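What follows is a set of notes on a single structure, which appears directly below.
We did not get these values from a lab; they are worked out from the coordinates using the rules stated. Everything numeric here is computed off the predicted structure, so don't read it as measured data. Quick reminder, even Gly has a Cβ in these numbers, built from the backbone with ideal geometry, and neighbours come from all protein chains shown.
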């Protein structure tokens, strides 16, 4: 059987026109149609075969509230063809072009073929030689099979108002659409609620919250001595001739300070996400426009290249593709998380990850535990500080950014040590070390509409947790007063008995 790399190379040569579109640039009507069809094929495939949702649920959640500039072309598309036997989804968009196709394989989720590719290209998609099966299924808690689900009454009662309000589509943003809210305190679930056909075993696309998972995986690799975040020439394609990109380090990439050109909006990589492009073509071909480390610019490409650097550092595709599961996710009990890939075998880990609320809580809990899980150190001792400390270049709008994590260090009512993962359509994993708490919110907010106010929700949750602490302290203080009074009364009774029983002279 020929090697995957040889097959991928042959496939690349058969699509020279597609490979040339490495930059976003302008978008033609034909490309907009292809991208809209790719959105539909990709989300129906992942929603069906990764998340296990019905078509009605997918249409209500994933296929509504999409990018406004895709909507007109999307509305003109015919129904998708879903092949449940082969786990394929295809969407026709042009009489002159093959349909857009997304295919599911175990462990890889759904992968799009590039625009222009037909079913004859399916054989080029990578597969695991052996899927790294997780340990016994954990249904007991948010953070591990050795922890029992425990309801803390004080926290649960006080969290109920803000958690309920998160689902009313009004309090934290008019029209926002919440799918899940999960709060973990001291390693235990203290609030959990779902809607829109989602439950504790339904993965939802993380969108850019996946960036924080990428940073976590880089941290695991650094702990194992497999990668150096300060070594330049992170990928081979940049380490030649006069290429100045060889000075970019993983630290620069993780801090969104690569200096690379990524157009007006670094968060729109449509040709990769919905066009079936390859990471190596779409993310690694842009020119340098600022000195690395001196300018903050939020860009999907920085995250994608960081993960590509891990692939090249590991030097073996099978090792690389098993790495997230064997070295991190399965170790922390995150058994409902899937990282999707491009057809060239690179993880699209800037956005294309599917995870349950409980799995996301596990990742947050790992950070609360300073990177240690079950007695095993998974992250370097300085990693939590690295990802949650402002980088040398910061966003111009005043928000704080660490390394693939945002900082909630200037929000009234929120502890200054709070940092969080954030993704499109309202995906959040908020880590509050000083409260020993993780807050997860997943949603399907309308793109371009109101955003879920995660800062206000976090402040309200912190207020609730603080009130629970105060109530518990008051109860303990009252109980202590009673105990001390009873002890004093008992001492007095004993003294009186001694006096009464004392013989007279």
Checklist entry - Fewest to most neighbouring Cβ within 10 Å: what's the order for 388, 434? => result 434, 388
Checklist entry - In nm, to one decimal, how far is the residue 200 label point from the residue 372 one, both placed 7 Å along Cα→Cβ? => result 2.7 nm
Item to check | Residue order, fewest to most surrounding Cβ atoms within 10 angstrom, among 376, 289, 169, 62 | outcome: 376, 289, 169, 62
Item to check | Approximate spin-label separation residue 59-residue 81, in nm, with each point projected 7 Å along Cα-to-Cβ | outcome: 1.9 nm
Checklist outcome for this item: Distance in Å, no decimals, from the C-alpha centre of region 308-373 to the one of region 225-281 is 19 Å
Checklist entry - Taking the radius of gyration and the Kirkwood hydrodynamic radius from Cα positions alone, what is the Rg/Rh ratio for region 437-505, to two decimal places? => result 1.57
Next on the checklist: Based on alpha-carbon centroids, what's the gap between region 31-78 and region 410-478 in Å, whole number please?
Outcome noted: 31 Å
Checklist entry - Going by how many other beta carbons lie within 10 Å of each one, how would you line up 446, 432, 481, fewest first? => result 481, 446, 432
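Please compute, over every Cα-Cα pair in region 205-356, the percentage with a separation greater than 19 angstrom. Could you put the intermediate results ahead of the total?
On the way: 5615 of 11476 pairs.
Within region 205-356, distances greater than 19 Å cover 49 percent of Cα pairs.
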Checklist outcome for this item: For the chain, the longest principal axis of the Cα atoms and the Cα long axis of helix 300-314 enclose an angle in degrees, to the nearest 10, of 90 degrees
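Out of every Cα-Cα pair in region 189-289, what percent are more than 23 Å apart? Let's see the in-between values first.
Numbers: 2158 of 5050 pairs.
When all Cα pairs of region 189-289 are counted, 43 percent exceed 23 Å.
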Next on the checklist: Please list, by residue number, everything in region 335-353 whose backbone N is under 19 Å from a paramagnetic label point 7 Å out along Cα→Cβ of residue 129.
Outcome noted: 344-347
Checklist entry - Based on the Kirkwood radius over alpha-carbon pairs, what is the Stokes-Einstein translational diffusion coefficient of region 169-232 at 20 °C with 1.002 mPa s viscosity, in µm²/s? => result 142 µm²/s
Checklist entry - So how tilted is helix 454-500 from the main axis of the chain? Cα-based, degrees 0 to 90, rounded to 10. => result 20 degrees
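For region 317-377, what value does the Rg/Rh ratio take when both radii are computed over Cα atoms and Rh is the Kirkwood radius, given to two decimals? If you can, show how the numbers build up before the last one.
Numbers: Rg = 12.3 Å, Rh = 12.4 Å.
Rg/Rh for region 317-377 comes to 0.99.
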Item to check | Rg/Rh for region 82-121, where both radii come from Cα atoms and Rh is the Kirkwood radius | outcome: 0.98
Checklist entry - Taking Cα pairs under 8 Å and at least six residues apart, what relative contact order does the chain come out at, in percent? => result 18 percent
Checklist entry - Rounded to the nearest 500 deg cm²/dmol, what is the calculated helix-only ellipticity per residue at 222 nm for the chain, with -39500 (n - 2.57) per DSSP H run of length n ≥ 4? => result -11000 deg cm²/dmol
